[in-house]
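Q: Quick one: the structure is below, and I'll ask about it shortly.
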Amino acid sequence: MSQTILVETNEDLKRIFSLNLSTFVGTDVIFRQNADDVISLLKILPQISLIITKAKVGQEETAIKIFQYLKSESLETSLIVLGECPRISSEVLCLQEPVSWEILVKQAAQHLGISLQDAANKVKPDFLPVGIYYFYDIQKSPCDVFIRIKKGTNDYQYVKRIHSKDSFDRLAIKKYEDQGLREFYIPKDYIQYFTIFVTNNLVQKLERTDLTLEERILTTANAHEIVRESIQLLGLDQATIELSDASINSMVKSVKSSPEVANLIKFLFTNKVAYAYQHCHLLALMCHYILSKQSWYREDHLNILSFVSFFSDITLKSNQQMQITSMKELFEANLTDEEKRAVMNHAVDAVELLNKHPEANDYIKTVLIQSHGKLDGIGFEDNPGEDLHPLSKVFIIADTFVKTMLNPALPTRKQDILPIIYSRFTNPSYQKITKALEQKFTQ
Ligand SMILES: [Fe+2]
């Protein structure tokens with residue numbers, strides 16, 4: 001799915017524009033407050049397809065600042081300006097205010113290379129983007145696959161790169177990736193057929209017993225990424241449920257035979273595994289470490305905690321959101337109000353999502369809702385109490401440990417992380433759980 005940045009100060013317009021852009025143009029809208037916010041996001045996500053911005057925010061010449069940045073970095077990102085901006089109007093489309101959403105949708109569609117289809121001007125894209133990782137674990141595609149080429153300003157062409165039934169391997173896909181390609185395009189009528197094909201292939205691969213540990217971890221990581229994307233786009237459907245089940249089983253298998261943590265981390269980083277899965281896998285592993293030291297440990301406890309690890313942050317879109325572990329960090333984070341709301345409520349949102357998942361039992365939902373130390377699942381508790389479920393306590397310690405370890409700004413060595421955990425979680429059972437983890441490391 002393409003991504004569009006929107007800088008609009010009027011809350012009503014913001015809502016109307018983003019709703020219609022995502023409905024009719026199929027683009028994912030990210031809100032930003034001003035030019036600096038946009039520029040810092042472009043530094044991490046240069047593949048943003050379109051920026052729609054107010055000409056000015058307060059006294060700031062927002063559109064001009066963004067335009068100059070795009071030029072200086074030779075970025076091809078399209079820009080649409082809301083309001084008059086004479087200094088750049090010869091090079092950039094400036095829409096006179098008030099801008100109706102219909103006009104904005106039409107212009108955005110044109111900039112994104114999507115054609116207007118029917119008389120009602122309902123925009124339907126002819127091709128839909130899919131992340132390159134959809135191709136990691138398949139050797140052929142059930143339909144033709146295209147790449148998008150920019151022919152000129154606002155003019156795109158779709159070129160067939162993989163024919164239906166052609167065979168290809170991971171190396172061929174890697175070549176595209178090395179050239180900077182992040183998405184392929186699938187004709188819209190085939191998108192469901194294509195995603196079900198990929199999902200079935202992944203499920204079959206994850207259920208194989210002859211996978212090496214490395215293959216298993218990388219395949220599960222891809223499956224996690226695909227589950228995340230389909231949940232965020234479409235919610236939890238049958239294919240996604242099946243893929244998540246196969247992934248969790250596979251993750252439990254690999255966690256039980258994971259190498260030493262340092263080697264595992266090296267492996268995850270060298271293979272560019274996404275942060276979401278790095279966190280998920282390491283979290284399940286730490287839960288396994290702690291559980292193995294508990295006298296009350298039963299086999300299904302690991303399944304429960306792995307299930308929660310898999311889904312705990314699934315509704316969050318960015319790494320920055322997933323890295324937050326306290327209310328203080330949430331308040332200080334450079335996120336929009338909507339992004340902060342998503343972080344605040346993500347435990348509740350995940351439980352709501354799992355109400356549709358037949359395998360999600362009450363234990364899973366309890367640990368998930370308490371996964372940040374709060375009984376109601378909203379926000380974060382710095383020093384959670386004794387009233388939480390014992391499995392939730394294990395999960396919280398493991399989660400905080402992994403998030404600290406993966407945060408480049410915080411200590412990464414276990415002997416430096418443990419004191420941070422001891423001083424934050426002062427209640428006796430949390431201290432005991434941390435002790436169990438420490439013992440596991442010194443075994
Ligand atoms: Fe979380």
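Q: For region 346-401, which residues satisfy the criterion of being within 13 Å of the ligand (Cβ to nearest atom), in contact (Cβ under 8 Å) with a residue 60 or more places away in the chain and part of a loop (DSSP other than H, G, I, E, B)?
A: Within region 346-401, just Ser371 meets the criteria.
Q: Please determine whether any residue of region 313-328 is hydrophobic (A, V, I, L, M, F, W, C), in contact (Cβ under 8 Å) with a residue 12 or more places away in the chain and under 16 Å from His357 (Cα atoms).
A: yes
Q: Identify the residue in region 320-338 that is more than 14 Å from the ligand (Cβ to nearest atom) and part of a helix (DSSP H, G or I) and, among all such residues, is nearest to Ile397 (Cα to Cα).
A: Lys328
Q: Would you list the helices (runs of 4 or more DSSP H) that sit entirely within region 174-272 and hold 3 or more residues that are closer than 30 Å to Ile114 by Cα and not β-branched (Val, Ile, Thr)?
A: 191-206, 213-234
Q: A follow-up question, please. Hey, among the residues in region 191-231 that are closer than 18 Å to Leu264 by Cβ, crowded, with 17+ Cβ neighbours inside 10 Å and of a type in the set (Ser, Thr, Tyr), which one's farthest from the chain's Cα centre (by Cα)?
A: Thr219
Q: Checking Ala436 against (1) touching a residue at least 12 places away in the same chain (Cβ under 8 Å); (2) within 16 Å of the ligand (Cβ to nearest atom), which single condition isn't satisfied?
A: (2)
Q: Determine which single condition Trp296 fails, assuming it passes every other condition in (1) more than 12 Å from the ligand (Cβ to nearest atom); (2) out of contact with any Ser or Thr (no Cβ under 8 Å at 6 or more places or on another chain); (3) of a type in the set (A, V, I, L, M, F, W, C); (4) assigned to a helix (DSSP H, G or I).
A: Of everything listed in (1) more than 12 Å from the ligand (Cβ to nearest atom); (2) out of contact with any Ser or Thr (no Cβ under 8 Å at 6 or more places or on another chain); (3) of a type in the set (A, V, I, L, M, F, W, C); (4) assigned to a helix (DSSP H, G or I), Trp296 misses just condition (4).
Q: Filter region 7-30 down to the residues that are in a strand (DSSP E or B) and aliphatic (A, V, I, L, M) and list them by number.
A: Residues satisfying the conditions are Val7, Val29, Ile30.
Q: I've got another one for you. Which numbered condition trips up Gln33, out of (1) within 27 Å of Arg341 (Cβ to Cβ); (2) outside any loop (DSSP other than H, G, I, E, B)?
A: Condition not satisfied by Gln33: (2).
All of the numbers you see were taken from the coordinates with simple rules; none came from a lab. The model shown is predicted, which means the values in this text are computed figures rather than measured ones. With ideal geometry, Cβ positions are generated from the backbone for all residues, glycine too; neighbour counts draw on all protein chains shown.
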